[in-house]
Amino acid sequence: MKPFRTVVLLLLLLLAGVLASQWMASTDRDLGEVFVRFAGYDLHTNVPRALLSLLLVGGAAWLLWRLLTLPFRAWGRHRRKQARARLIDGLDALHAGHWQKAEKLLERAADDDEVGAIARVAAVRAAQARGDDAAVQRHLIALRERSAQAHAVTAAQIALDAGQPQNALVLLDAAGVQPLPPRGLALRTEALAGTARAGEAYGLLGALKQQQALAPAAFDAMEIRLAAQSLHEATDPNVLAERWEMLTKPLRLQAVVVAAYAERAAALRWEDAATRSIEQALESHWDESLVALYGRLPVGKLDSRRASAQHWLQAHPASPALLVTLGRLARLQGQWTTSQDFLHRAVAQGAGVEAWEELGTGFDEAGDAASAQQCRANAVKALRGEPPARLSGRDIKQAIRDEAVIEERDAHGLPRLKD
């Protein structure tokens, strides 16, 4: 098709030239006159012929310029081709782990204007892999002259890897690197989180999601982590409540996020919010870590917490964390005998270290130092994965009763079907 189009175009141009020449040859047309006097010579013609002459002169000058510059352009194309070949070979060597070879090839490729920035970035990675900090800094300085944005992103990643989020934030907040690319935005989010500014970092998640800077799984993990950290960093109940309400409903049911909110609320003496958040999360989705935290919270409300835990026991009678929580709450209420029953059941259901430590605390408060010491020894054994020693005064019948699992029932008192 291309030769056919070329022939048609040439024929059309020829036809246009013939028509133009006939039109210009007509004597009854006023085509204007042009007089040119130069170096003692007078030139006289009409306007169309003058324009055509200018076009021909311009075309000839352009062709002459192209011919004169042909060697330089050929040399430039050769250099660019060589730079690309070195870049490809350097990246291939970098992927294969030939760090020194890769760095040399990439440094030579960095002389090209078009591929210089990416070659320097890869050279930094090669120097890092060799452990040559001086070479890393040298490449970074050269990269800054090529591309301020690429330098900021690369140097910020190095600073974060070195545990220097404040330095990374300075690099990424510089005016000359704005607006940040998606990776730079992700690094700035990490830097803010690293400088205890998770609230600001959480505010960048919308832009990160819009730019698809992270894979969905990585984004979800970061969202949960930043939500929990921002709650931990809340300085007063108002800030805590504002950040909690800002979270989406699914986030407010995540165990890590709920735990962060409850712990911070308890630390700020906001007891109702601390306990209510865990209760609501557990009603929606059962989680052993939240049940354990419910018993550990440094708040009062022993009666209401005990009542909630007793209610959950109907549906989860074999939950180790719930049994430990009930044992701890019973001990705090001064019911040591009941507490022991719950804690021994918890041990039988696999509670391990936490149950033994709670038993040790209870025996200490009861004045039984020997039993307390044995419980703490069993906690160490449980931590090591060793079988615990049986407590004195605990007979086989009681041990069998502890290991018996009560049938699980739902909220309506009906037996739960096993999967």
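The values are calculated or read from the model by the stated rules, or taken from the named source; none is laboratory data. Computed from a predicted structure; not experimentally measured. Here the Cβ positions follow ideal geometry from the backbone for every residue, glycine too, while neighbour counts run over all protein chains shown. Please note that ligands, DNA and RNA were not included when accessible areas were found on the heavy atoms of the full protein model with its side chains. Shrake-Rupley method; radii C 1.70, N 1.55, O 1.52, S 1.80 Å.
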- Message: Past the 20 angstrom mark, what percentage of all C-alpha to C-alpha distances in the stretch 95-245 do you count?
- Response: 55
- Message: Using 0.36 nm times the number of residues separating Ile141 and Gln210, minus their current alpha carbon distance, what extension gain do you get?
- Response: 21.6 nm
- Query: Under a plain spin-label model, where a point goes 7 Å from the Cα along Cα-to-Cβ, how far apart in nm are Trp286 and Val170?
  - Reply: 5.3
- Which shape class applies to the stretch 235-293: rounded if a/c is under 1.5, otherwise prolate when a/b exceeds b/c and oblate if not, where a ≥ b ≥ c are the square roots of the Cα gyration tensor eigenvalues? oblate
- Query: Which FRET efficiency, nearest 0.05, do Gln335 and Asp133 yield, Cβ-Cβ r, R0 51 Å?
  - Reply: 0.25
- Roughly speaking, to the nearest percent, how much of the chain's 1.4 Å accessible area is carbon and sulfur? 58
- Task: Counting only GluC sites (Glu not before Pro) that are in a DSSP loop and have at most 10 other C-beta atoms within 10 Å, tell me the longest site-free stretch of the chain.
- Result: 34-406
- Note on the structure: Here the equivalent ellipsoid of the chain, derived from its Cα gyration tensor, has semi-axes (largest first, whole Å) of 81, 27, 21
- Task: Multiply the residue gap between Val36 and Ala162 by 0.36 nm, knock off their C-alpha separation, and tell me the result in nm, one decimal place.
- Result: 37.9 nm
- Query: More than 15 Å apart: what percent of Cα pairs in the stretch 212-266 qualify?
  - Reply: 42
- Query: Under a 1.4 Å probe, what is the accessible area of the chain per residue, stated in Å²?
  - Reply: 60
- Between His44 and Arg80, take the C-beta separation as r, use R0 = 60 Å, and let me know the FRET efficiency to the nearest 0.05. 0.75
